[in-house]
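Novice: Shown below is the structure under consideration.
Each reported figure results from applying straightforward, stated rules to the coordinates on display, with no laboratory input. All figures in this text were calculated on a predicted structure; none of them were measured in a lab. When we count neighbours, we look across all protein chains shown, and the Cβ atoms used for this are built from the backbone with ideal geometry, even at glycine.
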Amino acid sequence: MTFSSSQQIVLASGNLGKIKEIQAILATHRIVPQSVFNVQEAEETGLTFVENAIIKARNAALHAQLPAIADDSGLVVDALKGEPGVFSARYAGLGASDQDNVTKLLQTLEGVPDEQRTARFICVMVFMAHAEDPFPVIAQGVWEGRILHHAVGTNGFGYDPVFWVPEYNCASAELSAAIKNSVSHRGQALTGFTQIIKARE
Ligand code: IMP
């Protein structure tokens, strides 16, 4: 057993949506945002999603002295050699809005034909029983699609309006939250992650 059920787990995020989603699945544990323990956000210095997720989980576990969960996600575009990647949230610069990032992406891909606009959303979730945990739980989710030429739809966030989803033939921002969660990178990572965690309890 890695940790006992009913124990608190600190989440290295202040995102209410993520907290609710994870709490609903890990119902026997109390998921508490790191802000409750005055944990400062870790600097995301990793070059990969998995490195950044580990950095965030370790920081939360260390400062809250509790088991910790963190995730890191972003968009990988083939024609841009993987950019924006771990820089997805700050693609158009520090403090950039979703709109700024989408505009920069569309401008950078101007003239690139459909078949070369392949891309995927990645999500990595990490659980660490404590800050020195040498065997963290790591689950990854990948959602394949293409980058559209124009923004469409109003649901979701980030790059959803320019991410074309082949299985539904629409932009991710045109999907309901329930459908998106059932197929998305985050949904996949969360499912795999909770299966491993429950097996370790
Ligand atoms: P975070 O690490 O989960 O906060 O996400 C990093 C960035 O990746 C976000 O700010 C978005 O720009 C992008 N991103 C991650 N997941 C999604 C998604 O499901 N839809 C749209 N954009 C996403």
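Novice: When the stretch 53-81 is examined, which residues are found to be within 30 Å of V112 (Cα to Cα) and within 13 Å of the ligand (Cβ to nearest atom)?
Specialist: D72, S73, G74, L75, V76, V77
Novice: Restricting the search to the stretch 53-79, which residues are among the hydrophobic types (A, V, I, L, M, F, W, C), buried (at least 18 other Cβ atoms within 10 Å of the Cβ) and in a helix (DSSP H, G or I)?
Specialist: A53, I54, I55, A57, A60, A61, A64
Novice: Within the stretch 10-31, how many residues are over 18 Å from the mean Cα position of the chain (by Cα) and aliphatic (A, V, I, L, M)?
Specialist: 1
Novice: Looking only at the stretch 36-52, which residues are within 15 Å of the ligand (Cβ to nearest atom), in a helix (DSSP H, G or I) and out of contact with any helix residue (DSSP H, G or I) (no Cβ under 7 Å at 6 or more places or on another chain)?
Specialist: V50, E51
Novice: Starting from the stretch 174-199, keep only residues that are in contact (Cβ under 8 Å) with a residue 40 or more places away in the chain and basic (K, R), then list their pairs with residues that are outside any helix (DSSP H, G or I) and surrounded by 21 or more Cβ atoms within 10 Å (Cβ to Cβ) whose Cβ atoms are within a distance under 7 Å, requiring at least 6 positions of separation or different chains.
Specialist: R186/S73; R186/C123; R186/G141
Novice: Within the stretch 15-31, how many residues are out of contact with any Leu (no Cβ under 7 Å at 6 or more places or on another chain) and aliphatic (A, V, I, L, M)?
Specialist: 4
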